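Participant: Before I ask anything, let me first share the structure, which is written out below as structure tokens.
What follows is calculated from the coordinates using simple rules that are stated; it is not laboratory data. Quantities reported herein were computed from a predicted structural model and do not represent experimental measurements. Because the Cβ atoms are built from the backbone with ideal geometry, glycine has one as well, and the counts that use them run over all protein chains shown.
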Amino acid sequence: MAVKDYLRERFFPHLWCPGCGHGEVLGGLIRAIENLGLSKNEIVMVSGIGCSSRITGYVDFHTMHTIHGRALAFATGVKLARPELKIIVPMGDGDALAIGGNHFIHAARRNVDMTAIVMNNRIYGMTGGQFSPLSGSNISASTAPYRTIDKSFDVVELSKAAGATFVARATSYHAQQMTEVIEKAILHKGFSVVEVLTQCPTYFGRKNKIGDAPEMIKWFKDHTTPIGSKAKQEHPELIERGIFVQQEGPEYCEEYQKIVERAMKGRS
Amino acid sequence: MAKPKLKQHHINRDWCKGCGICVELCPKNVLELDDQDKVVVVRPQDCICCRLCELRCPDFAIEVETQE
């Protein structure tokens with residue numbers, strides 16, 4: 001199937017701003033699904049609120065557009081009821097780690113078999129450019145006219161510590177790598193997290209004078225490096241990308257089924 | 001493997017928002033924005049069919065078709 005066969009074309013052109021990275025993530029995600037040869041009927045996409053969460057409206061899968069930060073909780077319910085389906089949860093940085101921070105760490109801890117895609121543009125775009133827990137310090141935002149104080153979360157380290165069994169990072173510049181990483185994340189049995197660094201030219205770029213969308217994409221090229229590269233040793237400030245964790249662990253739905261069998265004592 | 005040869009670029013002018021990502025990141029400088037800020041192919045003979053424009057377009061507005 002072609003990429004457009006997975007889209008709800010009647011809603012296009014989409015509502016994202018010119019140069020927004022979320023469209024690129026949507027493209028990468030669809031190419032990953034196309035490469036894996038998955039049928040539209042075996043995928044459930046669940047999202048919360050935010051620019052990034054509008055992504056569920058544009059794909060022709062089973063989709064749920066739920067409440068802010070709680071997409072993973074809804075997704076856990078779907079997975080427990082229908083464990084044979086593939087669950088993909090695209091989230092923004094604020095949706096995943098501020099409003100939904102608790103759901104995020106506990107979904108990772110439980111190791112429910114689903115794929116969380118954190119589209120990290122380091123700002124709340126939909127509501128007007130407020131800083132998020134992933135903005136980092138010394139960032140200009142509409143709620144930080146004299147720049148931010150807070151340090152940012154490191155999505156990879158946080159996911160690792162919370163117990164996610166697959167953790168990766170990609171960027172919107174490295175489009176092919178993004179697709180490869182998402183493919184592996186979807187195939188992974190257990191909770192997988194893919195952080196995708198994306199650009200918000202309208203708010204983050206403009207307020208921090210990084211430039212327009214092409215300039216922001218090039219920033220990812222210049223400021224990231226593959227895991228364990230020599231460049232990272234020489235320039236420790238570079239952000240690493242690639243697959244950080246890929247390991248097996250007891251999957252929640254399978255363990256739950258064992259409990260059901262134990263409780264039924266073979267009577268079912 | 002033989003090098004892919006360009007058949008044509010498909011551009012959806014209704015979906016293109018003129019962000020300029022494809023123009024700026026094309027390694028062969030094949031594309032430009034016109035006076036309406038929509039992408040146009042000005043140097044198709046230079047296209048190497050790397051598809052980076054297609055992969056990075058946030059709006060699904062450009063597609064590279066190659067000859068079989």
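Participant: Looking only at Cα atoms, what is the convex hull volume of chain B per residue, in Å³?
Facilitator: Details: hull volume 5.4 nm³, N = 68.
So the per-residue hull volume is 80 Å³.
Participant: Here's another thing I want to ask about it. Using Cα pairs under 8 angstrom and six or more residues apart, how large is the relative contact order of chain A, in percent?
Facilitator: For chain A, the relative contact order is 18 percent.
Participant: Taking 22 Å as R0, compute the FRET efficiency from the Cβ-Cβ separation of residue A:81 and residue A:265 and round it to 0.05.
Facilitator: Once the sixth-power term is evaluated, E becomes 0.45.
Participant: Ok, one more. Over 21 Å apart: what share of the alpha carbon pairs of the range A:3-264 falls there, rounded to a whole percent?
Facilitator: The share of Cα pairs beyond 21 Å in the range A:3-264 comes to 57 percent.
Participant: Starting from one equal scatterer on each C-alpha and no solvent at all, send me the Debye-based log10 I(q)/I(0) for the range A:19-170 at q = 0.12, 0.13, 0.16, 0.18 Å⁻¹, two decimals.
Facilitator: Here log10 of I(q) over I(0) equals -0.49, -0.58, -0.86, -1.08.
Participant: Something else about it: Quick check: pseudo-label points 7 Å beyond the Cα along Cα→Cβ at residue A:137 and residue A:38, how many nm apart are they?
Facilitator: 3.9 nm
Participant: Mind telling me which of A:187, A:85, A:15 comes out most flexible in a GNM of chain A, alpha-carbon contacts under 10 Å?
Facilitator: Among A:187, A:85, A:15, the largest GNM mean-square fluctuation belongs to A:15.
Participant: Students often get this wrong, so check it: of A:40/A:86; A:86/A:265; B:3/B:38; A:207/B:28; A:160/A:258, which have C-alpha atoms separated by over 20 Å? Don't skip to the end; give the middle numbers.
Facilitator: Numbers: A:40/A:86 10 Å; A:86/A:265 29 Å; B:3/B:38 29 Å; A:207/B:28 31 Å; A:160/A:258 26 Å.
Long pairs (Cα-Cα over 20 Å): A:86/A:265; B:3/B:38; A:207/B:28; A:160/A:258.
Participant: Between residue B:67 and residue A:247, how high is the FRET efficiency from 1/(1 + (r/R0)^6) when r is the Cβ-Cβ distance and R₀ = 30 Å? Nearest 0.05.
Facilitator: About 0.10, to the nearest 0.05.
Participant: As an exercise, identify the chymotrypsin sites (Phe, Trp or Tyr not before Pro) in the range A:104-179 lying in DSSP coil whose Cβ has no more than 11 other Cβ atoms within 10 Å.
Facilitator: The qualifying sites are A:146.
Participant: Here's another thing I want to ask about it. To two decimal places, what compactness ratio does the range A:139-231 give when its Cα radius of gyration is scaled by 2.2 N^0.38 Å?
Facilitator: 1.24
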